[in-house]
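Taking it in order: structure first as structure tokens, then the write-up.
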Amino acid sequence: MASHGVPRQATTEPRTEQSRLKEQKQIQEYTELVDLIERKIAERQYTREVLELTSKLLIKNPEYYTIWNVRRRLLIHGLFSKSSDLSSPSMELPSSSQIATTTTSPADSSSSTTNTSTASKETQSNLASPNPGKNGTTLDLIKADLDFVFPLMVKFPKCYWIWNYRLWLLEEGNKRLEPEVARELWNGELSLVGKMLTRDSRNFHGWGYRRKVISELESPKLHGKSMVESEFEYTTRMVKANLSNFSAWHYRSKLIPRLLSERSASDVQRRLFLDNEFELITNAIYTDAYPYAQSVWFYYQFLMTTLVDSIGHLTITPNFTDEDRIQYVRKQLVNLGDMLDGAEDCKWIYNALLEYTLALCRMENRPPLDAERQDCTSWLAELRKLDPLRAGRWDDFEKTLRWVEVDYRLASDVTGVEL
Amino acid sequence: MSLVSGPGRAGLSTASLPTELRLSVAAHVKYIQALDNRKDELEYHLTTHLRLNGVYWGLTALHLLGHPDALDRSQVIDFVLQCQGENGGFGAAPGHDPHLLSTVSAVQVLVMCEGLGELEARGKNGGGALGVGRYLAGLQDRKTGTFRGDEWGEEDTRFLYAAMNALSLLGLLHLIDVEKAVAYIVSCANFDGGYGVSPGAESHAGQIFACLAALSIAGRLEVVDQGKLGRWLSERQVERGGLNGRPEKLEDVCYSWWVASSLKMIGKLHWIQGEKLTKFILECQDTEQGGFADRPGDMVDVFHTVFGLAGLSLLGYPGLEEVDAVYCMPRKVIEQVLGPREEIPIE
């Protein structure tokens with residue numbers, strides 16, 4: 001998308017004649033290449049040569065989504081089926097009438113439906129053939145294409161179309177290759193996405209891709225089994241490398257229910273697990289400047305949600321009694337109070353103290369005690385002082401605090417904690 | 001409409017700026033008008049895949065600036081209709097494959113140009129709104145409720161919103177399963193109150209905007225945990241006044257829209273500091289050559305220009321046309337199509 005983070009040029013003086021001419025030449029080369037591909041496709045040339053031309057264009061412009069689609073059609077309607085020809089002579093290119101509809105214009109959408117049906121017909125014949133040559137050239141083509149795409153991903157890690165195209169290739173692999181072979185490809189992707197996330201540990205394309213790769217590797221069709229333990233371990237490594245990696249904390253929060261369920265964790269083990277997570281996040285908060293970093297506080301919020309929120313209850317310790325939960329919240333309030341020592345300017349601590357003190361009142365079904373009310377008032381004053389950007393939120397909080405004196409159940413909207 | 005960045009650059013260091021910043025309306029109008037005259041720049045050609053989106057961004061910006069007629073209406077409509085494929089969907093430019101995202105831009109532009117009549121007369125796939133509506137409805141996964149972007153199957157909560165946006169403007173929401181779509185959004189909710197690209201994905205301000213706007217169109221905002229979400233969204237504001245899209249990321253003008261409109265939809269826009277945000281957005285404009293950048297000092301482009309202006313409009317910047325938080329189009333245009341809009345009460 002246009003110019004995210006593109007620094008300004010050193011000068012805005014008019015271009016020199018030389019640079020203007022150079023740019024004209026680049027434009028000419030680019031548009032000629034586009035025209036050439038369009039012409040070849042219109043002539044139904046679904047060949048390796050045209051595939052190479054699309055490679056050339058996509059290197060210049062990986063955002064050109066229509067060209068990625070052209071590439072898909074080249075593979076589906078030309079090259080994949082040709083590769084099958086090697087061992088299965090009955091597999092031919094789509095009939096000329098099909099080609100006519102699919103190639104007149106890649107952008108002509110009437111072809112879209114035809115393309116899809118043609119593709120599925122082909123796939124069916126491929127699968128139906130006892131010796132479809134599935135692992136021969138089709139595999140080579142997919143591998144070559146994965147290799148082609150990788151440097152583009154490294155160079156343009158936020159380009160949606162590249163990630164999508166890569167997934168599409170792998171899904172074609174699922175359809176066309178033996179499960180063991182397809183599985184090998186997905187295995188390669190796991191290491192690839194690991195590299196991508198090492199380069200940029202917050203890239204949400206990368207995290208989404210990782211979830212997809214894992215779900216494929218776990219799927220019965222690829223003879224997979226659960227990887228939740230190793231993925232959980234991965235998030236531990238990622239957050240230990242950078243405590244501000246909220247993407248990793250988030251993923252961790254999503255893995256936990258399945259992790260515990262697959263471990264068939266007993267109530268005791270679940271309690272221990274929760275203790276360990278609190279210890280992990282408390283240590284993180286105590287590290288260097290991290291009391292001021294919001295990622296750790298959002299994970300802290302997640303853990304607290306499992307205690308104070310009726311939906312969150314199910315996440316880690318579903319069999320906790322109300323008394324258990326109250327005891328844990330009290331313990332955390334003491335913990336938070338201790339954190340203030342030396343971090344009196346940390347708004348997150350005051351915010352948490354306020355929020356969970358009111359949550360405790362609701363859990364105990366009582367209005368705040370006088371001491372709690374005074375604490376809340378002074379914490380709120382600190383928040384106003386430390387965090388003036390969110391003054392409107394503190395105003396609303398204050399209104400709620402006044403209401404809480406009348407009815408303690410009203411606090412949820414502002415604190416974000418529900419009963 | 002060209003997507004070429006520059007030539008302008010957003011304001012230099014804040015120290016050199018006058019204490020009271022003003023919006024350079026005339027410069028921005030001129031900047032947008034000139035975008036299509038830049039065919040001698042390579043970047044013009046490298047951004048063809050965003051052309052129709054670019055027309056929507058440029059035209060919306062001009063509407064908000066109070067210059068809705070600054071582009072030639074019939075030229076715009078001709079261009080939009082040239083982008084339509086036989087299946088009713090629109091590609092980013094003539095000859096480009098239809099995609100849901102360019103289709104919603106086409107509908108938004110036609111609505112702003114009062115060009116739906118031309119669509120009826122000249123549209124493909126059986127013609128008119130219904131041809132477009134059928135294309136969009138065909139992209140819904142009837143099992144899960146979400147939408148694919150095109151025939152190749154990518155799924156994203158942005159597509160779900162885009163489809164509902166366009167279908168509601170065309171009066172064709174009944175073509176899709178709205179309840180399933182709502183259920184899908186609910187399945188994307190996270191513990192922090194936010195939403196991601198798909199179930200399991202990290203909360204992201206752009207996706208939150210998409211999910212809240214889709215829920216607004218469906219009339220189902222009550223499924224949102226508004227307290228938690230408001231808290232998360234308000235923490236997007238950083239010291240400099242700008243907003244980021246996720247925890248501990250850099251601020252960017254486009255989030256002035258994604259975050260602020262989301263706060264507006266849940267009645268909590270006052271949970272961030274509007275004056276500081278206004279100042280940050282104004283620092284991102286090039287006051288002489290027009291346009292906005294993501295951050296001060298960077299190259300301007302039309303994408304950041306419209307979302308900067310939409311953010312300012314949402315914050316009530318004087319002289320700007322009022323923007324609709326759900327559609328990112330002028331509120332009065334939306335009211336012409338859908339009738340009076342409900343005010344979201346500030347608590």
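The values are calculated or read from the model by the stated rules, or taken from the named source; none is laboratory data. Worth saying up front: this structure is predicted, and the values here are computed from it rather than measured. All Cβ positions, even for glycine, are placed from backbone atoms using ideal geometry, and neighbour counts span all protein chains on display. To get the accessible areas, we keep the full protein, side chains included, count just its heavy atoms, and leave off ligands, DNA and RNA. Shrake-Rupley method; radii C 1.70, N 1.55, O 1.52, S 1.80 Å.
Remarks
The rows are residues; the columns are (1) at pLDDT below 95; (2) within 25 Å of A:L260 (Cβ to Cβ).
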position	(1), (2)
A:I326	no, yes
A:L336	no, no
A:I349	no, no
A:L358	yes, no
A:P368	yes, no
A:D375	no, no
A:A381	no, no
A:R384	no, no
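- Condition met for A:W186 (modelled with pLDDT of 95 or more, surrounded by 20 or more Cβ atoms within 10 Å (Cβ to Cβ) and within 11 Å of chain B (Cβ to nearest Cβ)): no
- Test for B:K249: is it open to solvent by 20 Å² or more (accessible area, probe 1.4 Å), within 30 Å of B:L35 (Cβ to Cβ) and in contact (Cβ under 8 Å) with a residue 40 or more places away in the chain: no
Let's see how each residue does on (1) surrounded by fewer than 19 Cβ atoms within 10 Å (Cβ to Cβ); (2) not β-branched (V, I, T):
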| site | (1), (2) |
| --- | --- |
| A:Y251 | no, yes |
| A:P257 | yes, yes |
| A:L260 | no, yes |
| A:R263 | yes, yes |
| A:D267 | yes, yes |
| A:L274 | no, yes |
| A:E279 | yes, yes |
| A:I285 | no, no |
| A:W297 | no, yes |
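- B:F159 vs. criteria within 30 Å of A:I76 (Cα to Cα), part of a helix (DSSP H, G or I) and touching a helix residue (DSSP H, G or I) at 6+ places or on another chain (Cβ under 7 Å): yes
- Residues in the stretch B:211-236 that are among the small types (G, A, S) and away from chain A (no Cβ under 14 Å) were compared, and the one that is surrounded by the fewest Cβ atoms within 10 Å (Cβ to Cβ) is B:G219.
The rows are residues; the columns are (1) closer than 29 Å to A:S261 by Cβ; (2) in a helix (DSSP H, G or I); (3) touching a residue at least 24 places away in the same chain (Cβ under 8 Å).
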{"position": "A:P151", "(1), (2), (3)": "no, yes, no"}
{"position": "A:P157", "(1), (2), (3)": "no, no, yes"}
{"position": "A:W163", "(1), (2), (3)": "no, yes, yes"}
{"position": "A:W168", "(1), (2), (3)": "no, yes, yes"}
{"position": "A:E171", "(1), (2), (3)": "yes, yes, no"}
{"position": "A:L190", "(1), (2), (3)": "yes, yes, yes"}
{"position": "A:V213", "(1), (2), (3)": "yes, yes, yes"}
{"position": "A:E229", "(1), (2), (3)": "yes, yes, yes"}
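- Where helices (runs of 4 or more DSSP H) sit wholly within the stretch B:274-347, those with at least 3 residues that are within 14 Å of chain A (Cβ to nearest Cβ) and at pLDDT 95 or above occupy B:274-283, B:302-314.
- Odd one out for A:V154 among (1) β-branched (V, I, T); (2) buried (at least 20 other Cβ atoms within 10 Å of the Cβ); (3) under 19 Å from A:L58 (Cα atoms): (2)
- Candidates B:G171, B:G127, B:G131, B:G115: the one that is open to solvent by less than 10 Å² (accessible area, probe 1.4 Å), more than 30 Å from A:L169 (Cα to Cα) and out of contact with any helix residue (DSSP H, G or I) (no Cβ under 6 Å at 6 or more places or on another chain) is B:G131.
- Condition met for A:W394 (of a type outside the set (K, R), over 32 Å from the mean Cα position of the chain (by Cα), at pLDDT below 90 and assigned to a helix (DSSP H, G or I)): no
Conditions tested, residue by residue: (1) within 14 Å of another protein chain (Cβ to nearest Cβ); (2) modelled with pLDDT under 95; (3) over 23 Å from B:D177 (Cβ atoms); (4) within 23 Å of the chain's Cα centre (by Cα).
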residue	(1), (2), (3), (4)
B:E114	no, no, yes, yes
B:L119	no, no, yes, yes
B:K124	yes, yes, yes, no
B:A129	no, no, no, yes
B:G138	yes, no, no, yes
B:D141	no, no, no, no
B:G145	no, no, no, yes
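- Taken over the stretch B:63-86, residues that are surrounded by fewer than 16 Cβ atoms within 10 Å (Cβ to Cβ) and away from chain A (no Cβ under 14 Å) amount to 7.
- Filtered by the rule that a residue be hydrophobic (A, V, I, L, M, F, W, C) and within 15 Å of A:F150 (Cα to Cα), the stretch A:191-219 gives A:L192, A:V193, A:M196, A:L197.
- Selection within the stretch A:240-249 - among the hydrophobic types (A, V, I, L, M, F, W, C) and open to solvent by 10 Å² or more (accessible area, probe 1.4 Å): A:A241, A:L243
- Flag if A:K25 is at pLDDT below 65, open to solvent by 50 Å² or more (accessible area, probe 1.4 Å) and part of a helix (DSSP H, G or I): no
- Listed by first and then second residue, the pairs with beta-carbon distance under 6 Å, at least 6 apart or on different chains, first residue in the stretch B:20-39 and among the β-branched types (V, I, T), second open to solvent by 20 Å² or more (accessible area, probe 1.4 Å), are B:V29/B:H67; B:V29/B:A70.
- The one condition from (1) closer than 25 Å to B:E321 by Cβ; (2) in a helix (DSSP H, G or I) that B:D69 does not meet is (2).
- Taking the stretch A:309-336 as the range and being part of a loop (DSSP other than H, G, I, E, B) and more than 14 Å from chain B (Cβ to nearest Cβ) as the test, the residues that pass are A:T317, A:P318, A:N319, A:F320, A:T321.
- Taking the stretch A:281-300 as the range and being more than 24 Å from the chain's Cα centre (by Cα) and either assigned to a loop (DSSP other than H, G, I, E, B) or among the hydrophobic types (A, V, I, L, M, F, W, C) (or both) as the test, the residues that pass are A:I285, A:Y286, A:T287, A:D288, A:A289.
- Of A:L36, A:L58, all but one fail to be away from chain B (no Cβ under 11 Å), modelled with pLDDT of 90 or more and under 22 Å from A:N164 (Cα atoms); the exception is A:L58.
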